[in-house]
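The values are calculated or read from the model by the stated rules, or taken from the named source; none is laboratory data. Since this is a predicted model, take the numbers as computed values, not measurements. Cβ placement follows ideal geometry from the backbone for every residue including glycine, while neighbour counts extend to all protein chains displayed. Just so you know, the surface numbers come from the protein's heavy atoms only, side chains and all, with ligands and any DNA or RNA stripped out. Shrake-Rupley method; radii C 1.70, N 1.55, O 1.52, S 1.80 Å.
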Amino acid sequence: MAKDLSEENGTDMPVAGYDGPVGGWGSAKGMAKVARTARSSPGALETLKRQNKPAGYMCSSCAWAKPPNPHVAEFCENGAKATLWDLTTARCGPEFFRDHTVSELADWDAHDLERQGRLTHPLRYDAASDRYVETSWDEAFAAIGAELRRLDPKKVTFYVSGKAGLEASYLYGLYARAYGHSNLPDSSNMCHETTSVGLKKVIGTSVGTCVLEDFEHCDMIIHVGQNPGSNSPRILHPLQKAVERGCHIVAINPLREKGLLEFANPQNPWQMSLGAPTEIADRYLQVRTGGDIAVLTGIAKHVLALEDNQGGVLDHAFLAEHCSGLDDWMDWVRAAPWDRLEAVSGITRAEMEGVGTLYARSKAVMGIYGMGVTQHVHGSDAIAALVNLLLLRGNIGRPGAGCSPVRGHSNVQGQRTVGITEKPKLVPNDKLRELFGIEPPQDPGWNTVEFVEALLAGEAQGYVGLGGNLARAVPDQDRVTEVWGNMPLTVHVATRLNRTHLMPGKSSWLLPCLVRAEEDLQNGTSQQVTIEDSFSHIYGSIGKREPASPHLKSEVDIVCRLAAATLDPNPRLAWSDWVGDYAEIRSLIEATYPDKFHDFEARMNQPGGFYRGNPARERVWKTETGKAQFTVPADLDATGLAEGDGLYRLMTLRSNDQFNTTIYGMSDRLRGIDGDRMLIMMSPADIEAEGLHPDQRIALTGAADDDIPRRVDGLRIVPYQLPRGCIAGYFPELNPLSPLSRHDLLSKTPAAKGIPVRLA
Ligand SMILES: Nc1nc2c(c(=O)[nH]1)N[C@H]1C(S)=C(S)[C@@H](COP(=O)(O)OP(=O)(O)OC[C@H]3O[C@@H](n4cnc5c(=O)[nH]c(N)nc54)[C@H](O)[C@@H]3O)O[C@H]1N2
Ligand SMILES: Nc1nc2c(c(=O)[nH]1)N[C@H]1C(S)=C(S)[C@@H](COP(=O)(O)OP(=O)(O)OC[C@H]3O[C@@H](n4cnc5c(=O)[nH]c(N)nc54)[C@H](O)[C@@H]3O)O[C@H]1N2
Ligand SMILES: [Mo]
């Protein structure tokens, strides 16, 4: 049996320096601090009351559900931060760009750039003065349209970052196809694409099978590789209620994340005043990075052993009727040696057996997961390992059970639903032909990794980004930074300035847009947009705030004007009519996807949104075999790394004070870290074994088996409870270490966890 590593890992240490629970007054203070830094405008706090409410606007932070019966304040610390940041009084207008050249700004850090506030005017890059200068919308659209007509559409990429509503996203995909390409990467390609492809392969759905009510019926939750306290704090309410009902929560995570340990409900005055938080996870498996396939297999191995010894554990009727591949998989699991499962996972056999026993006793089990699962070379196999375990007892397709990925951007799932995809086979091609008389391209387009490959090879010629900060978010950031500006055309539809904007192509444009909380007036009527959450529920969202500048346009307007300036006239592509009334766009979405969007206009404002359905929830399996598929993984180790002397597995994570590449501040409160972001968390035993000391600054170098040099300097060592050989630091600062070639084998999602590095 592998020895218990907990002592060596430092599990007796407090979680860094923070001893308060998640939620509670700490989060109120965190928000107040952001309101100050963001210089949010008067009334911003008032506006928050409409967040995530029926007839309100939907938070632009994460994709968690907006319940039908919301709390008085149905927002969390980080959702409030996102809104306060959007509603800043700071403005980044033409005067700012007169004072600073682009080369100068390219050295500013992300936080300082974003702090300049909202972009206010359309801007054109002027190479002679190396500055962005004010331009008119007409000039911008005409010049971008002319440039796109000159370029080969197959060499142009339309990226989308996951926030734009269903209306703008649907039209953006249509625009790309009418223009002649499917190069439509979105942030999902770096995020839950592993789910879109890997979950689809095994149970025939590209999205989760659970809905919010399942939290009321489960008696066990297996929570893998997701940080709820920072990244989806509103999940903590249903988790807390589930715990209070007696539901067991098993957390599988290399870090002891505070949100999985305890939670004080800020909506509950009793808990706030007495300061007695609810304990969340009753078992915490501090797995090694990439150890999930091994640990989930170990749990399943014990479930099989219980069945062999006492019987009555497996759901035989379900397995016979609904599953394929069971026998081969069982043979493989039975043969998998315990010592290997322990070595790869870092979890003892006894711990895996304990969870297996609990699982065998539980009636309804949910599997929840995030980036700790998807961002691995064998991420799809890790999802399949969770599904294997769930299938054993029929835990998919009944109340309180299922597989539930926690999605990232607030509408990232919805963008895929309405046609943002590089895969022509996922597009309702006939509908597009019929509705618009266009011929959608049938050759596959570029996903994010393929776009970056094309960029590095000098093939990518044009880039239009509907939000995002792509040059910062991708792997091999340094190599990408060097070549990004070689593209003849770069266009960004954005709300605030970021680093990617400061790598202008020959012709480069910044087009400022409204945020979701702002009023979108077209033809004198206030327009709604719609979004889809992690549970496949779709909601209307309407902004009421006065826009940050009278020059801003909505994303729908910008997409339509770009399309009209690029494409040959086609009376069935009525871009200017669509801008005038978004209900017309929704009727096109309904006509294109009638099963999911019937009665769209009537249903979008119902409290709790409307459900677009999921076949796997009904136990209809749209897989190759027509059944749910058991999977033997390619490797027990999700990183696919061999153990090597001095080799560390780096996970790149979010702090509690950022939204992806938007850095609100330097505090990672829930991990007890403050002051800077250039750091690595490391187990005290590793620090000692390496002869290092806390707060020392070191460099990391890449250790991938290509010959490309990768390095990040100046990283402060922070002692932290982590399994040995596993270290953690922040995204996007550490992205230069992430090799483009390491990605999930099925979906090409970059392996942002389990990056091979050495200490330099
Ligand atoms: N406030 C805030 N909210 C956000 C975001 C934000 O930046 N800020 N980003 C949004 C987006 S786009 C997304 S995708 C989500 C991301 O939300 P998460 O999925 O929580 O993403 P990460 O911050 O990358 O954290 C990954 C978690 O996985 C764990 N982990 C790392 N490697 C492994 C492993 O090998 N195995 C296991 N079991 N665990 C591992 C880490 O310790 C960490 O707890 O959040 C969304 N919500
Ligand atoms: N190493 C490492 N890399 C990662 C990850 C990781 O965990 N580790 N995570 C990956 C994941 S999960 C994701 S989702 C990606 C994120 O990658 P992106 O989605 O590309 O990045 P964001 O930081 O979310 O983009 C922020 C920018 O979007 C613009 N913006 C903000 N709001 C709006 C809006 O309402 N409309 C428009 N048009 N623009 C807006 C602003 O200009 C802002 O600067 O990063 C990925 N990269
Ligand atoms: Mo994401």
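Things worth noting here:
- Residue list for the stretch 417-447, filter: open to solvent by 50 Å² or more (accessible area, probe 1.4 Å) and either within 16 Å of ligand 2 (Cβ to nearest atom) or among the acidic types (Asp, Glu) (or both): 430, 434, 439, 443
- Yes/no for residue 620 being surrounded by fewer than 16 Cβ atoms within 10 Å (Cβ to Cβ) and of a type in the set (A, V, I, L, M): yes
- Selected residue [touching a residue at least 24 places away in the same chain (Cβ under 8 Å), in the same structural domain as residue 686 (by TED's automatic domain parsing) and hydrophobic (A, V, I, L, M, F, W, C)] from 567, 670, 573: 670
- Residue within the stretch 326-345 that is of a type in the set (Ser, Thr, Tyr) and within 16 Å of ligand 2 (Cβ to nearest atom) present: no
- Scanning the stretch 359-381 for residues that are outside any strand (DSSP E or B), away from ligand 2 (no atom under 15 Å from the Cβ) and within 20 Å of residue 333 (Cβ to Cβ) gives 359, 360, 361, 362, 378, 380, 381.
- Selection over the stretch 705-726 of residues that are at negative phi, assigned to a loop (DSSP other than H, G, I, E, B) and open to solvent by less than 20 Å² (accessible area, probe 1.4 Å) gives a count of 5.
- Candidates 583, 685, 602, 699 - the one that is open to solvent by 40 Å² or more (accessible area, probe 1.4 Å), farther than 30 Å from residue 385 by Cα and outside any loop (DSSP other than H, G, I, E, B): 602
- Condition met for residue 688 (free of Cβ contacts under 8 Å to residues at least 12 places away in the same chain and either more than 26 Å from residue 751 (Cα to Cα) or more than 16 Å from ligand 1 (Cβ to nearest atom) (or both)): yes
- Summed over the stretch 548-580, residues that are assigned to a loop (DSSP other than H, G, I, E, B), under 18 Å from residue 529 (Cα atoms) and either in contact with a Ser or Thr (Cβ under 9 Å, 6 or more places away or on another chain) or open to solvent by 20 Å² or more (accessible area, probe 1.4 Å) (or both) total 1.
- Qualifying residue in the stretch 475-498 (condition: assigned to a loop (DSSP other than H, G, I, E, B) and among the β-branched types (Val, Ile, Thr)): yes
- Among the residues of the stretch 390-414, those identified as within 16 Å of ligand 2 (Cβ to nearest atom) and not hydroxyl-bearing (Ser, Thr, Tyr) are 405, 406, 407, 408, 409, 411, 412, 413, 414.
- Residues of the stretch 179-192 satisfying the condition of being more than 15 Å from ligand 2 (Cβ to nearest atom) and buried (at least 24 other Cβ atoms within 10 Å of the Cβ): 182, 183
- Subset of the stretch 97-112 [surrounded by 18 or more Cβ atoms within 10 Å (Cβ to Cβ) and either in contact with a Pro (Cβ under 7 Å, 6 or more places away or on another chain) or not aliphatic (A, V, I, L, M) (or both)]: 97, 102
- In the stretch 68-98, residue modelled with the lowest pLDDT [restricted to those that are in contact with a strand residue (DSSP E or B) (Cβ under 9 Å, 6 or more places away or on another chain) and among the acidic types (Asp, Glu)]: 74
- When 639, 631 are checked against the criterion of being of a type in the set (S, T, N, Q), under 23 Å from residue 735 (Cβ atoms) and either in the same structural domain as residue 497 (by TED's automatic domain parsing) or away from ligand 3 (no atom under 16 Å from the Cβ) (or both), a single residue qualifies: 639.
- Residue match in the stretch 225-237 (condition: among the charged types (D, E, K, R), touching a Phe, Trp or Tyr at 6+ places or on another chain (Cβ under 7 Å) and either farther than 28 Å from residue 288 by Cβ or away from ligand 2 (no atom under 16 Å from the Cβ) (or both)): yes
- Residue in the stretch 333-343 that is outside the structural domain of residue 751 (by TED's automatic domain parsing), assigned to a loop (DSSP other than H, G, I, E, B), at pLDDT 95 or above and within 30 Å of residue 71 (Cβ to Cβ) present: no
One line per residue, one yes/no per condition, for (1) within 14 Å of ligand 2 (Cβ to nearest atom); (2) at pLDDT below 95; (3) assigned to a helix (DSSP H, G or I); (4) hydrophobic (A, V, I, L, M, F, W, C):
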site: 104; (1), (2), (3), (4): no, no, yes, no
site: 145; (1), (2), (3), (4): no, no, yes, no
site: 164; (1), (2), (3), (4): yes, no, no, yes
site: 173; (1), (2), (3), (4): no, no, yes, no
site: 194; (1), (2), (3), (4): yes, no, yes, no
site: 198; (1), (2), (3), (4): no, no, yes, no
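- Contacts under 9 angstrom Cβ, first residue in the stretch 623-635 being modelled with pLDDT of 95 or more, partner basic (Lys, Arg), 6 or more apart: 623/200; 623/201; 624/201; 628/619; 629/201; 631/201
- Scanning the stretch 348-382 for residues that are of a type in the set (A, V, I, L, M), open to solvent by less than 20 Å² (accessible area, probe 1.4 Å) and under 18 Å from residue 260 (Cα atoms) yields 355, 365, 366, 368, 373.
- Scanning the stretch 388-416 for residues that are away from ligand 1 (no atom under 15 Å from the Cβ), touching a Cys at 6+ places or on another chain (Cβ under 8 Å) and part of a helix (DSSP H, G or I) yields 390, 391.
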